[in-house]
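Report on the following structure.
The values are calculated or read from the model by the stated rules, or taken from the named source; none is laboratory data. It should be emphasised that the depicted structure is a prediction, and the values quoted were computed from it without experimental measurement. Glycine gets a Cβ as well: all are built from the backbone with ideal geometry, and neighbour counts include every protein chain shown.
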Amino acid sequence: MVVSLDLELCWGRFDKVPVSALEADAQEERVQIRRLLALLDRYEIPATWAMVGHLMLPGCSRKAGAAHADVMPRPAYSWFPKDWYVHDPCTPAGHAPGWYAPDILAWIRGMKVRHEIASHSFAHIYYGDPECSAAAARADLSAAVAAAADQSVSLKSFVFPRNQVGHLEVLREQGIRTYRGADPTRFRTFKGMLYKTLSFLDQLLGLPPKAVRPEEVMPGLWNIPGNHFYMARNGIRKLIPIASRVWKGKQGIRQAVKTGGVYHLWFHPFNLNADADAMLSGLERLFAYADRLRAQGVLEIATMDEYAARLAATDFA
């Protein structure tokens, strides 16, 4: 079993959501991160916290009127014609807690359970977008590695923003040895509203996640795909009972035990903001179940990097 968390605060959705709303969400997200960390400690569940690199900074400033002019080239997205750092406040971290989070990094590292700090890029650019060049991905990941190194963190795992996989050779160049590939879907051939409807029913009925197995996609680089997104309870998703989420997860765990594959649970901490008590209660039921199976000796729980290290050591095929 692997748990990975996409920690991005305002960087994750500024291209889709008003910044004022994101900054309010980030304040609430901090509350839920504290609660989630306590829950992970209670059941001794190590997680991979994939963190946007900019969040690790103690602050930043503009030089010659530009934010991060050294992180070049930028991706040339036709759908976002502004500079990617247009919303970067370029202040000390404490002045803009939606854009910096060295405090959250310290919380994670200060817990009893030893979590992994991984990369979610430096500025949440989309590596898999056709308009993101290898050079832009390289500049972004180099900045993430440098920000992490300044915090004495060595990055070994990567989670692609929006799960858009791309430029794997850049990951390997920077010492990354595992990434989370996109979840398999039962409904890949469907589009639009039909796809959304079928996906909603899949969550509502708590159907078991599709089985996944790790794959060495190039020498020394492993794909550990996700297969259970712990869906938020905002909007129409609130119609999906917590019991459905828990049932889906338990089936995924049992399937991994039976097949020798992996159950890979993932979400963003902000997904807990809506109906947080219920969402955390569901996670507690999943973690308690996993902890019982671990105590029985039939389930291992590892970070992405720990799992990749075991795969490399055992010559997994």
Review point. Looking at region 190-213, is at least one residue at positive phi, surrounded by fewer than 23 Cβ atoms within 10 Å (Cβ to Cβ) and over 20 Å from the mean Cα position of the chain (by Cα)?
Key: yes
Checked region 92-103 for anything touching a Gly at 6+ places or on another chain (Cβ under 8 Å) and surrounded by 14 or more Cβ atoms within 10 Å (Cβ to Cβ); matches are Ala93, Tyr100
Quick count over region 70-122, residues being under 23 Å from Leu36 (Cα atoms) and in a loop (DSSP other than H, G, I, E, B), is 14
Listed by range, strands (runs of 3 or more DSSP E) wholly within region 193-290 having at least 3 residues that are of a type outside the set (S, T, N, Q), touching a residue at least 40 places away in the same chain (Cβ under 8 Å) and out of contact with any Cys (no Cβ under 9 Å at 6 or more places or on another chain) are 215-218, 264-267
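Criterion first (in a helix (DSSP H, G or I), touching a helix residue (DSSP H, G or I) at 6+ places or on another chain (Cβ under 9 Å) and within 30 Å of Arg213 (Cβ to Cβ)) does Leu55 satisfy it? Give the derivation first.
Details: in a helix (DSSP H, G or I): yes; touching a helix residue (DSSP H, G or I) at 6+ places or on another chain (Cβ under 9 Å): yes; within 30 Å of Arg213 (Cβ to Cβ): no.
No: the conditions fail for Leu55.
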Note on Leu22: of the conditions (1) surrounded by fewer than 22 Cβ atoms within 10 Å (Cβ to Cβ); (2) aliphatic (A, V, I, L, M); (3) over 16 Å from the mean Cα position of the chain (by Cα), unmet is (1)
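Say we look at region 217-259 and pick out the residues that are of a type in the set (Phe, Trp, Tyr) and under 19 Å from the mean Cα position of the chain (by Cα); which of these is surrounded by the most Cβ atoms within 10 Å (Cβ to Cβ)? Spell out how you get there, then give the answer.
Applying the first criterion (of a type in the set (Phe, Trp, Tyr)) to region 217-259 yields 222, 229-230, 247.
Checking the rest, the ones that are also under 19 Å from the mean Cα position of the chain (by Cα) come to 222, 229-230.
Working: Trp222: 23, Phe229: 19, Tyr230: 20.
Here the answer is Trp222.
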Checked region 281-312 for anything among the hydrophobic types (A, V, I, L, M, F, W, C) and buried (at least 17 other Cβ atoms within 10 Å of the Cβ); matches are Leu283, Leu286, Phe287, Ala290, Leu293, Leu299, Ile301, Ala302, Met304, Ala308, Leu311
### Message
Whether any residue in region 43-58 is farther than 18 Å from Leu141 by Cα, touching a Cys at 6+ places or on another chain (Cβ under 8 Å), surrounded by fewer than 20 Cβ atoms within 10 Å (Cβ to Cβ) and of a type outside the set (D, E, K, R) is what I want to check.
### Response
no
Picking from Ala106, Ala137, Ala69, Ala38, the residue that is surrounded by 14 or more Cβ atoms within 10 Å (Cβ to Cβ) and either at pLDDT 95 or above or not basic (Lys, Arg) (or both) would be Ala137
Residue pairs qualifying under the 6 Å Cβ cut-off, at least six apart or on distinct chains, with the first in region 87-108 being without any contact (Cβ under 8 Å) to a residue 12 or more places away in the chain and the second being of a type in the set (A, V, I, L, M, F, W, C) and surrounded by 16 or more Cβ atoms within 10 Å (Cβ to Cβ), are Pro89/Ala96; Pro89/Trp99
All-but-one check, Arg180 against (1) at pLDDT 95 or above; (2) surrounded by fewer than 20 Cβ atoms within 10 Å (Cβ to Cβ); (3) within 23 Å of Lys248 (Cβ to Cβ), failing number (2)
